[in-house]
Structures are given as structure tokens and as C-alpha cells.
Amino acid sequence: MIAALLAWLGLSFLFPETVLPGPWRTIQVLAENFANGDILSHLTATLGRVLGGLVLAMAIGIPVGVLMGVNRLAEKTLDVWVMVALTVPSLCYAIFAFIWIGLNETAAIVAIGLTSAPSIAINLWEGVKNIDTRLFQMARVFNASRWVIIRRVLFPQVLPYIMASLRFGLGIVWKITVLVELLGRPDGVGFELFYWYQLGNMQQVLAWTLLFTLVMLFIELVILQNLERRMFSWRPEVRI
């Protein structure tokens, strides 16, 4: 992080502020946006779409990924469809959603969720394939019911991959949300980025990008990592 800031500072001396404003000037512009009241409404709109899109993506990706990981027939059946869904550009999902549903919040969340779900499904699928199947065999030896096997054997092994997919999916959802806002919403961080891009104001573009990055880092480093530590505190620490 410090190296990136130093590199940014060094490069800012080589270019005019219209091309690459320095970190201090960018922070000043961001502070002015906060003072003017421009930040909260747009950031709230973006975070709402991120949360809605992430929930939808996880609701689709988790069942599909787990099913493909534990069932060979499902893996063969869904493999091609998931890969096709993954290769469709996110711009196409956004356009389809806005045409079919309309220029509204539902369409934005659907576009975000459908674009992100295949990546989450593949990530979870690869993880679930690595779980220890011997535990299932042992559970069957003790005549454990299907529900007990799912709750006490499958779920504890899958949960770390679900958390990894959540963090992985969040990064994808952030990027897609900006694109969706740029394309069809009247507010949000993506809308502001596109607005200032049209005016050629690099200071504002960098200020909103910095805000976007700081919020993302806060969610990842403060919220998700602490949540993961608490959820898996029971696991022994591996030291090499």
C-alpha cells in the first residue's frame, strides 16, 4: 500500500494535475465531496446494489457449485452451462436485464447477481471436490441420516470454501456494479465516475476511485477477515 502511494506521488510530479493529480490533491477533492454532501447518497446506492447482487449471486452460485462438487451427474450436466454463463460478457447481462425488466433497481441487482454467480459456482465447485470423502463413508458406517451427514460432515467442510467464494465474489460484484450504474442508473459511484469522465475531470475520477477502493478494503480487511477468524477460530493454526 505504501509503495503504491509513493509510486502515485512520484508519477504525479511528472504529469499535470489534469492528467494525474497527486494523492494530497485527490484527498482534498474527496473531502470537498463529503462536505458538499455528494458522497453519502451515491455510496449508499452503490452499497445497496452490491449487497443485493452479492446475495443473489451467492444464492445461485452456492447450490450449483456444491451440487457439481458432490454429484458427478450434476457436474457433467451443469459444467457446460456454467462455462457458457461465465463467458457471456457482463455488459450483455446488464443490457438484457435493463431491456427485459426495465431501468430500475431490480434489473440492476439481477444483472449483477447473474454476472457474478458463475464465478462463485466454479470457485465453490473446485473447492468442494477437495473435501475428504472418507468422512462420508465413516458417517454411513455409523448409520447417520442424510440430514446429519449434510449438517455435521458436508457443511463444516464446505463452509471455508463458501467464505472464500464470498470474498472472491465481492470483488467481482464491486466491478460489475460500477458498470451497471454507468449503463443504466441515475446515481451511485459508477454514475459519478462516468459523469466526471465525460467532463474530463481527472481529479474527481481519482477521488471517486479512491473512495471506492477504501470502502472495498474496509469491507475486506475489517469485516470479512475478522468474521472469518471468528468463524474458524476452532481450527488449529498451521505453521511451517
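With respect to the stated conditions, residue 190 fails to be buried (at least 20 other Cβ atoms within 10 Å of the Cβ) and in contact with a Gly (Cβ under 8 Å, 6 or more places away or on another chain). Scanning region 86-103 for residues that are within 17 Å of the chain's Cα centre (by Cα) and aromatic (Phe, Trp, Tyr) gives a single hit, 93.
A quick yes/no check of all residues on (1) touching a helix residue (DSSP H, G or I) at 6+ places or on another chain (Cβ under 6 Å); (2) farther than 18 Å from residue 218 by Cα:
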{"residue": "12", "(1), (2)": "no, yes"}
{"residue": "21", "(1), (2)": "yes, yes"}
{"residue": "24", "(1), (2)": "no, yes"}
{"residue": "28", "(1), (2)": "no, yes"}
{"residue": "32", "(1), (2)": "no, yes"}
{"residue": "38", "(1), (2)": "no, yes"}
{"residue": "43", "(1), (2)": "no, no"}
{"residue": "46", "(1), (2)": "yes, no"}
{"residue": "50", "(1), (2)": "yes, no"}
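Can we say residue 139 is of a type in the set (A, V, I, L, M), over 30 Å from residue 92 (Cα atoms) and in a helix (DSSP H, G or I)? Against the criterion (of a type in the set (A, V, I, L, M), over 30 Å from residue 92 (Cα atoms) and in a helix (DSSP H, G or I)), residue 139 qualifies.
This table checks each residue for (1) on the phi < 0 side of the Ramachandran plot; (2) touching an Asp or Glu at 6+ places or on another chain (Cβ under 6 Å); (3) crowded, with 18+ Cβ neighbours inside 10 Å; (4) not in a helix (DSSP H, G or I).
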{"residue": "31", "(1), (2), (3), (4)": "yes, no, no, no"}
{"residue": "34", "(1), (2), (3), (4)": "yes, no, no, no"}
{"residue": "41", "(1), (2), (3), (4)": "yes, no, no, no"}
{"residue": "45", "(1), (2), (3), (4)": "yes, yes, yes, no"}
{"residue": "50", "(1), (2), (3), (4)": "yes, no, yes, no"}
{"residue": "53", "(1), (2), (3), (4)": "yes, no, yes, no"}
{"residue": "57", "(1), (2), (3), (4)": "yes, no, yes, no"}
{"residue": "61", "(1), (2), (3), (4)": "yes, no, yes, no"}
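Within region 168-177, being closer than 19 Å to residue 227 by Cα and either touching a residue at least 60 places away in the same chain (Cβ under 8 Å) or among the aromatic types (Phe, Trp, Tyr) (or both) holds for 168, 169, 170.
Residue under question is residue 186, and the condition is that it be more than 30 Å from residue 40 (Cα to Cα) and either in contact with a His (Cβ under 6 Å, 6 or more places away or on another chain) or not hydroxyl-bearing (Ser, Thr, Tyr) (or both); does it hold? Judged against the criteria, residue 186 is not a match. The residues of region 104-124 that are open to solvent by 20 Å² or more (accessible area, probe 1.4 Å), of a type outside the set (Asp, Glu) and over 16 Å from the mean Cα position of the chain (by Cα), listed by number, are 104, 106.
The values are calculated or read from the model by the stated rules, or taken from the named source; none is laboratory data. Just so we're clear, the structure is a prediction, and the values are computed from it rather than from any experiment. Note that we place each Cβ from the backbone using ideal geometry, even for glycine, and neighbour counts take in every protein chain shown. Heads up: the accessible areas ignore ligands, DNA and RNA and are worked out on the full protein's heavy atoms, side chains in. Shrake-Rupley method; radii C 1.70, N 1.55, O 1.52, S 1.80 Å.
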